[in-house]
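Novice: Quick one: this structure, given as structure tokens, is what I'll be asking you about.
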Amino acid sequence: MIRTTPAALRIARIQEKLMLAIGQHNIPGLRWLVEGFNYYDTQRVKEVGAERAAAEWIVRCGGRVRFHSISDEFSDYNALIKRTAELDPRVPADDVVLRSIYAEDASVTGFGCRHFGA
């Protein structure tokens, strides 16, 4: 039989509250950081197009994306930037279209979802 001490119960309750706060991004300073990654950059959308800007946002927040015209799946922001830097968004043949987004456990917020309305 395992005995649970009052101290162990308090620690378990504190741990549960902390995990809930992390999941809800409700820790002082963390919300500012998460919102920084979810910032909607109007200038970037103008430069590279809405689909590519949305892909960069998802990957920056810890997700993965795949495009129709590129066979690679991107989870590394630097690799995404390097691969898409070769493309000119003003040329219709170089325009990218998102095929899939995987954002489970990514730090995306409703604020960043503005990328999908562009």
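Novice: All but one of (1) in contact with a Lys or Arg (Cβ under 9 Å, 6 or more places away or on another chain); (2) not in a helix (DSSP H, G or I) hold for ILE58, so report the exception by its number.
Specialist: Among (1) in contact with a Lys or Arg (Cβ under 9 Å, 6 or more places away or on another chain); (2) not in a helix (DSSP H, G or I), the lone unmet condition for ILE58 is (2).
Novice: Which of the residues belonging to the stretch 49-62 are buried (at least 18 other Cβ atoms within 10 Å of the Cβ) and under 13 Å from LEU98 (Cα atoms)?
Specialist: Answer for the stretch 49-62, where residues must be buried (at least 18 other Cβ atoms within 10 Å of the Cβ) and under 13 Å from LEU98 (Cα atoms): GLY49, GLU51, ARG52, ALA53, ALA54, ALA55, GLU56, TRP57, ILE58, VAL59.
Novice: Shifting gears a bit: Picking from ALA50, ALA55, ALA79, which residue would you name as being touching an Asp or Glu at 6+ places or on another chain (Cβ under 9 Å) and modelled with pLDDT of 85 or more?
Specialist: The unique qualifying residue is ALA79.
Novice: Could you tell me whether the stretch 31-38 includes any residue that is open to solvent by less than 60 Å² (accessible area, probe 1.4 Å), of a type in the set (Asp, Glu) and at pLDDT below 85?
Specialist: Taking the stretch 31-38 as the starting set, the residues that turn out to be open to solvent by less than 60 Å² (accessible area, probe 1.4 Å) are 34-36, 38.
Filter once more, keeping what is of a type in the set (Asp, Glu): 35.
Then drop every residue that is not at pLDDT below 85, which leaves 35.
Yes, because at least one residue in the stretch 31-38 is open to solvent by less than 60 Å² (accessible area, probe 1.4 Å), of a type in the set (Asp, Glu) and at pLDDT below 85.
Novice: Would you confirm whether any residue within the stretch 72-94 is over 21 Å from GLU47 (Cα atoms), among the β-branched types (Val, Ile, Thr) and crowded, with 16+ Cβ neighbours inside 10 Å?
Specialist: Step one: filter the stretch 72-94 for residues over 21 Å from GLU47 (Cα atoms), giving 72-73, 75.
If we keep only those that are among the β-branched types (Val, Ile, Thr) too, we end up with none.
Scanning the stretch 72-94, I find no residue that is over 21 Å from GLU47 (Cα atoms), among the β-branched types (Val, Ile, Thr) and crowded, with 16+ Cβ neighbours inside 10 Å, so the answer is no.
The values are calculated or read from the model by the stated rules, or taken from the named source; none is laboratory data. This structure is a prediction, so every number in the text was calculated from the model and none was measured. Every residue, glycine among them, receives a Cβ derived from its backbone with ideal geometry; neighbour counts consider all protein chains shown. For accessibility, only protein heavy atoms count, side chains too; no ligands or nucleic acids. Shrake-Rupley method; radii C 1.70, N 1.55, O 1.52, S 1.80 Å.
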